[in-house]
Amino acid sequence: MLDIGARDGHFSQILTEYFDEVTALDLERPDFSFQLVTTVAGDATRLQFSDDSFDCVFCAEVLEHIPNVVQACREIERVAGHEVIIGVSYKQDTRLGRTTCRSCGGKNPPWGHVNPFDERRLARLFPGLSIKASSFVGSVRSETNPVSTMLMDMAGNPWGTYEQDEPCIYFKRSVTGKRLAG
Ligand SMILES: [Zn+2]
């Protein structure tokens, strides 16, 4: 099993209950250590594994952040021998909760979510796979409209997600203008 975007290893650890070996991958090598889990550094758009290396690939809370999502999905499909488990934000209106970056003035989607998803887009992103099951976690119906979005942009998006950890999507600085560590 390959866990892409492993962060603190929450899912990697759970996955060891179902798989003999879990490879936990993140941009920087994760620093946790759990039995049956190997940690590696890697980039979802350029995976270092050969074709069909894993029985299953798990990727949650990752694809909404990747600008080159087409390439990332191609890589996931390539290294997956059988199943792929994908978790993404569903039909999110990313105009809502936008921030105006205090460093560069750029408009950022909430939490750096550059990609919205629905069933059709997922099917297009994984042309070699078919959907076996899908489920939803929670449900919100928050939407906005172009006029409101324009007015919020003019006002500097005062109710944006400024508490987010994700950096500005343009220059990788904090959206509040503070320099990021590292
Ligand atoms: Zn910026």
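Observations on the model:
- Normalised by 2.2 N^0.38 Å, with N the number of residues, the alpha-carbon radius of gyration of region 109-182 equals 1.47.
- Fraction of beta bridges assigned by DSSP in the chain that are antiparallel (%, nearest 5): 15 percent
- Proximity of backbone amide H atoms, modeled 1.01 Å from N, is registered between V84 and V57 at under 5 Å, excluding neighbours fewer than 5 places apart on the same chain.
- Reach of K172 by Cα under 23 Å, taken over lysines that are not fewer than 8 positions away in the same chain: K107
- By the rule of a C-alpha distance below 29 Å, with chain neighbours fewer than 8 residues away ignored, the lysines paired with K132 are K91.
- Cα principal axis extents for the chain, largest first, Å: 53, 37, 27
- Under a 5 Å amide H cut-off, with hydrogens placed 1.01 Å from N, T176 pairs with R102 among residues at least 5 apart or on other chains.
- On the beta carbon distance between L36 and A155, with R0 = 45 Å, the FRET formula returns roughly 0.35.
- Taking each DSSP H run with n ≥ 4 as -39500 (n - 2.57) and averaging over every residue of the chain yields -5000 deg cm²/dmol at 222 nm.
- Contact order normalised by residue count of the chain, Cα under 8 Å, 6+ apart, percent: 17 percent
- Linear extension gain, L129 paired with D8, 0.36 nm per residue minus alpha-carbon span: 40.7 nm
No lab work stands behind these numbers, since they all come straight from the coordinates. All values derive from a computational prediction rather than experimental measurement. Because the Cβ atoms are built from the backbone with ideal geometry, glycine has one as well, and the counts that use them run over all protein chains shown.
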